[in-house]
Amino acid sequence: MPRDFRAELWAGISSLTNIGEDEYRRSVYVDEYTLSAEQLAEAPLPAEVQKIVRYALDNECNIICLDPDGPDLEGDFTVFLENDKEPPIAADLARAH
C-alpha cells in the first residue's frame, strides 16, 4: 500500500474504520459504502487501497488485516519495495500530516 496512506493508517487518521491494531498490523472494517462515490468524494482512497477493499468485498469479507509481512494477494496488485513493508517510523507519520 502507498507509504503515505500506510503512515496515515498507522497514525489512526486514515478514512478507513480502524477496529484493531498492534505494533505491526491494523484491522479495518469495510463495506460497500467504503467505495461509494459519496464516501470517496468526502474521503478519497488511493487506487491501490480501493483495489484491496474491492478484493475483500468481492470475497465476502468486511474485515481486512493490513499486515506488511502478510502474504501477497493473488491478482493484479501493485507490489511495493521490500523496505516499504516496514511499519512507518515517526518521520513518516510527521510527513503524513
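The values are calculated or read from the model by the stated rules, or taken from the named source; none is laboratory data. Just so it is clear, the model here is predicted, and its values are computed rather than measured. Using ideal geometry, Cβ is built from the backbone for each residue, glycine included, and neighbour counts are taken over all protein chains shown. Side chains included, ligands, DNA and RNA excluded: accessible areas come from the protein's heavy atoms. Shrake-Rupley method; radii C 1.70, N 1.55, O 1.52, S 1.80 Å.
Based on the Cβ-Cβ distance of R25 and Y55, what FRET efficiency does E = 1/(1 + (r/R0)^6) give at R0 = 22 Å, to the nearest 0.05? Please list the in-between numbers first.
On the way: r = 17 Å, r/R0 = 0.79.
Calculated transfer efficiency: 0.80.
So how exposed is I63, as accessible area in Å² (1.4 Å probe, rounded to 10)?
For I63, solvent-accessible area is about 90 Å².
When Lys and Arg each count +1 and Asp and Glu each count -1, what net charge do the other residues less than 14 Å away from L45, Cβ to Cβ, add up to? Let's see the in-between values first.
On the way: positive: R6, K51, R54; negative: D4, E8, D31, E32, E38, E42, E48.
Overall, the nearby charge balance is -4.
Quick one: compute the contact order of region 1-68, relative version, from alpha carbon pairs under 8 angstrom and 6+ residues apart, as a percent.
Details: 70 pairs, mean separation 23.8, N = 68.
Relative CO of region 1-68 lands at 35 percent.
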